[in-house]
1. Mind listing whichever residues of segment 87-105 are crowded, with 17+ Cβ neighbours inside 10 Å and of a type in the set (A, V, I, L, M, F, W, C)?
2. Checking Arg59 against (1) among the basic types (Lys, Arg); (2) closer than 21 Å to Arg206 by Cβ; (3) crowded, with 21+ Cβ neighbours inside 10 Å, which test does it fail?
3. Only one of (1) part of a loop (DSSP other than H, G, I, E, B); (2) more than 22 Å from the chain's Cα centre (by Cα) is not met by Gly374, so which one is it?
4. Looking at segment 124-143, which of its residues are in a helix (DSSP H, G or I), exposed (fewer than 15 other Cβ atoms within 10 Å of the Cβ) and more than 31 Å from the chain's Cα centre (by Cα)?
5. Of the numbered conditions (1) surrounded by fewer than 17 Cβ atoms within 10 Å (Cβ to Cβ); (2) within 16 Å of Ala232 (Cβ to Cβ), Glu269 fails exactly one; give the number of that condition.
6. Looking at the structure I just gave you, is Ala219 farther than 22 Å from Ala278 by Cβ, part of a helix (DSSP H, G or I) and touching a Ser or Thr at 6+ places or on another chain (Cβ under 8 Å)?
7. Any residue in segment 158-173 that is within 32 Å of the chain's Cα centre (by Cα), aromatic (Phe, Trp, Tyr) and either at pLDDT 95 or above or part of a loop (DSSP other than H, G, I, E, B) (or both)?
8. Out of segment 65-79, which residues are of a type in the set (Lys, Arg) and closer than 16 Å to Glu39 by Cβ?
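The values are calculated or read from the model by the stated rules, or taken from the named source; none is laboratory data. This structure is a prediction, so every number in the text was calculated from the model and none was measured. Neighbour counts run over all protein chains shown; Cβ positions are idealised from the backbone, glycine included.
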Amino acid sequence: MTANGAVRRIGADERRARVGVRHRLAPGLRAKSAEEVTESLVALHATDAATVYLSTAARLSEAGFADVERALYKDGSLVRLLAMRRTMFVVTQASAPVVYAAAARAIAVKERAGLLKYLADGGGWDEAWLSEVEDAVVATLAEHGETTAAQLGDYEPRLREQVVVAAGKPYEARQNVSSRIIRVLAAEGRITRRRPVGSWTSSQFRWAVAAPLPELPAAEAKAGLARDWLAAYGPGTEADLKWWTGWTLTDVRKALAAVGAEQVALDEETGYVLPGDAEPVPAAAPWAALLPGLDPTPMGWQRRDWFLPDEHRSALFDGSGNVGPTVWWDGRVVGGWAQRPDGEVVWRPLTGPGKGPGKAAVAAIEAEAARLGGWLKDIRVTPRFRTPLERELSA
């Protein structure tokens, strides 16, 4: 609020300035480590394995994949969790207990209930059978260390059991139970994904026993996660936080009240910031960025018209709401990018001739494209969720 008690207004320009500063996209504010990047964004989308590396590289002062490898697989300071909106994320080890208790634990409960029904309906196996198999999997990993799912099936043959799905339907099929059982063990934090088979773009992970997370009360954790989200993405609306977390509106309002969130006026809606965070944030110098599909910045809010006009949404999002690779100039999405089969990184502005980014913006974007291309070298990245503009550019 202002000094006279009125609700302060935060316009689109100021919101865009916060993105450049708090999401470490301005060159002078880039991070020195993968942990710093992840902490600044709360969580990195990890449904597509390449996103973790590309989102981090865009924000590091010295881009490269070695620091992400270190954090994920050597130090263990970054971990993967099935969390908000039943989506895979990478979070810091320090924030994992909060994220798990605030979002992942409830998802794990639903995953287990679904698995038990799946096993009972498809094969007649009960909870006692499942518990025996799960304990055997954990014991196997404790004995053998990092192990692929296929190797686990060799050690524990019950993972190769099959269930019938859609019995009697034209699309009836048989499925191994292994992937569902392993998924639930991971969702509950008993096992964890480790270094993938192949390159860092692969999603075929090895598995290992996970270190147990401290138990936190759900309400305390939700307040903590709301605080972290507001610090990174505020101002945001109740709808934004509800969408990002997957919580109910009641959960959102309780969490905002618990952290003492302050109301601010956005364009035609009410937003929230942390206490004392309503004042203007000094803008950084104009910045350019090439962000990958599912990057946390464009996926940070439900309503995005303040940085991406609605008429361009269809070019950059797939039918399920997954964002593709985006080109940014000073807090706005101004284009999309892709990597061609020969490795070249190419981009295209969203608007027609004479209406796109100016000369300074184009020069900065070209420099970022060259930086990304120089880092990727012979690596080829195809987004897991293809979007219209990315498909067109990559052809």
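1. The initial filter retains those residues of segment 87-105 that are crowded, with 17+ Cβ neighbours inside 10 Å, namely 87-92, 95-105.
Hits for segment 87-105 are Met88, Phe89, Val90, Val91, Ala96, Val98, Val99, Ala101, Ala102, Ala103, Ala104.
2. Just one mismatch for Arg59, condition (2).
3. The failed condition is (1).
4. Scanning segment 124-143 gives Glu127, Ala128, Glu132, Glu143.
5. (2)
6. Values: farther than 22 Å from Ala278 by Cβ: yes; part of a helix (DSSP H, G or I): yes; touching a Ser or Thr at 6+ places or on another chain (Cβ under 8 Å): no.
It is false that Ala219 is farther than 22 Å from Ala278 by Cβ, part of a helix (DSSP H, G or I) and touching a Ser or Thr at 6+ places or on another chain (Cβ under 8 Å).
7. Within segment 158-173, not a single residue is within 32 Å of the chain's Cα centre (by Cα), aromatic (Phe, Trp, Tyr) and either at pLDDT 95 or above or part of a loop (DSSP other than H, G, I, E, B) (or both).
8. Arg70
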